[in-house]
Amino acid sequence: MYEKIMVCVDGTEMSYKLFEQAIVVAGRYDSDVYLVRIIDMRAIPYMKSYVAMTFEQMTDDAYKKCEEVVAAYKAQSDTPERYDRVKIIVEAGSPRKLITPKIAKEIKPGLIICGARSPKKGAERFVGNVTMHILNTAKCDVLVVHPDM
């Protein structure tokens, strides 16, 4: 049913739990998993670890973190072979401009997994801005995982 699953993470430990959910779903459907990490350039001034880095250093650092997460989950897994089908994509820019208009368009996933966010105003009380954008623009199924899962 889902040949390709795209999971969107933001670098937080909570977001990597989405990756764990993606692996479970991928195991059920024998899917490839695309772990997508977008470095939101608007947030750089607030991210102390990235302020002194070059653009290339930021993306390399984020890519290495994703590799570490994949390796850690693989080491703890009863089915480590599932992690061999994980592809990591790291880009910098606006998540809204990259996730569905560019990356999903190229990958053509059957499912996108993303996380809900903490309370905000209106409809965003239940899901964040980026997740809302994915829900409204994706050309495939979208699974929104609650942060308490």
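Listed by first and then second residue, the pairs linking a residue in segment 78-99 that is of a type in the set (D, E, K, R) to a residue that is surrounded by fewer than 16 Cβ atoms within 10 Å (Cβ to Cβ) and not in a strand (DSSP E or B), with Cβ atoms under 7 Å apart and 6 or more places separating them unless they lie on different chains, are R82/G27. Checked against the criterion of being modelled with pLDDT of 85 or more, under 15 Å from the mean Cα position of the chain (by Cα) and part of a helix (DSSP H, G or I), the candidates C114, C66 yield just one match: C66. The listed residues are I5, I39, I44, and the only one of them that is crowded, with 20+ Cβ neighbours inside 10 Å, at pLDDT below 90, under 18 Å from V130 (Cα atoms) and not aromatic (F, W, Y) turns out to be I39.
Considered as a group, the residues in segment 64-77 that are without any contact (Cβ under 8 Å) to a residue 24 or more places away in the chain and open to solvent by less than 80 Å² (accessible area, probe 1.4 Å) include one that is nearest to D30 (Cα to Cα), and that residue is K74.
Here is a yes/no grid of residues against (1) modelled with pLDDT of 90 or more; (2) within 14 Å of the chain's Cα centre (by Cα); (3) not in a helix (DSSP H, G or I):
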| site | (1), (2), (3) |
| --- | --- |
| E91 | yes, yes, yes |
| A104 | yes, yes, no |
| K120 | no, no, yes |
| N136 | yes, no, no |
| V144 | yes, yes, yes |
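Every listed requirement among (1) in a helix (DSSP H, G or I); (2) at pLDDT below 90 is met by R28 save one, (2).
The values are calculated or read from the model by the stated rules, or taken from the named source; none is laboratory data. Predicted model, so just to flag it, every value in this text is computed and none were measured. Note that we place each Cβ from the backbone using ideal geometry, even for glycine, and neighbour counts take in every protein chain shown. When the accessible area is computed, the model is the full protein with side chains, heavy atoms only, and any ligands, DNA or RNA have been set aside. Shrake-Rupley method; radii C 1.70, N 1.55, O 1.52, S 1.80 Å.
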